Structures are given as structure tokens and as C-alpha cells.
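Q: Dropping the structure in here first, questions after.
The values are calculated or read from the model by the stated rules, or taken from the named source; none is laboratory data. From a predicted model like this one, the values you see are computed outputs, not experimental measurements. Please note: Cβ atoms are built from the backbone with ideal geometry, for glycine as well, and neighbour counts cover all protein chains shown.
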Amino acid sequence: MFGLGWLEIGALIVIALLVFGPERLPQAAAQAGKTLRNLRRMANNARDDLRAGLPPEFSNFDPADLNPRNFVRKHLLDDLEDDWNDKSRELEPATAPYISEPVDELGYGELPPYDSEAT
């Protein structure tokens, strides 16, 4: 639950008992629950109002898509996964058309050429 272990939850309960006291703790928990419920209802109403005010071409709009993580995953990574999983096209071996002249490979112990003006 929220990445908290039993020790952290116990510590929060002890702190709540010390801050609110045993007689006011149930009222504080009930008030926190009501506040959370009201916030959730307000967020749902705002989302529904936004969807109602959008034109028909945005009928499948989801505000969660505006989160940068979801946006990147949906618009960039899904396309890459589709290309990667597409078995219908034949993969060609990697070639280097930009190399116009053959490149000599270095032999064992041979040093690469050094250009003192390049640094």
C-alpha cells in the first residue's frame, strides 16, 4: 500500500495517536475520508465537464494521455514495438552506403593513424 511496509504504517498510527489523541482520532480519520471522497468526486466532475465541452472528434480523449510518461509510451514507444514485432517485412543486413572507399583493418599490434592537428 503506497510502498509502505508494516513498520512504517505502525509508526504513522503511533504518530497519529500522539498528535490527535485517542478520543479525536476517529473523527480525524472520518474527516480525512470525507475530504478524499470529495476530492475524487471533484476530479471526476472536472474530467466529465472537459469531455462534455470537447467537439466530437475528441470523443476518445483521456486526460491521462497528457502525462509525459504516458504520452511518450503511447505515441513513440508503441510505434517502435509495432515495427519490431512486424514479421512481415524482411530485415536487410546492415550496410554502410556512405563509405565510398574500402577501409583497411588494423593488424595485431598495429596502431591507428594519429593526426596531431585533429585535437
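Q: Among the residues of segment 2-36, which ones are on the phi < 0 side of the Ramachandran plot and within 26 Å of the chain's Cα centre (by Cα)?
A: Applying the first criterion (on the phi < 0 side of the Ramachandran plot) to segment 2-36 yields 4-20, 22-36.
Within segment 2-36, L4, G5, L36 qualify.
Q: Another question, if that's okay. Within segment 61-90, restricting attention to residues that are of a type in the set (S, T, N, Q) and at pLDDT 80 or above, which residue is farthest from the chain's Cα centre (by Cα)? Give the derivation first.
A: Taking segment 61-90 as the starting set, the residues that turn out to be of a type in the set (S, T, N, Q) are 67, 70, 85, 88.
Filter once more, keeping what is at pLDDT 80 or above: 67, 70.
On the way: N67: 8, N70: 6 Å.
Here the answer is N67.
Q: Within segment 38-61, can you find the residues that are of a type in the set (A, V, I, L, M, F, W, C) and either assigned to a helix (DSSP H, G or I) or in contact (Cβ under 8 Å) with a residue 40 or more places away in the chain (or both)?
A: Step one: of segment 38-61, the residues of a type in the set (A, V, I, L, M, F, W, C) are 39, 42-43, 46, 50, 52, 54, 58, 61.
Those that are of a type in the set (A, V, I, L, M, F, W, C) and either assigned to a helix (DSSP H, G or I) or in contact (Cβ under 8 Å) with a residue 40 or more places away in the chain (or both): L39, M42, A43, A46, L50, A52, F58.
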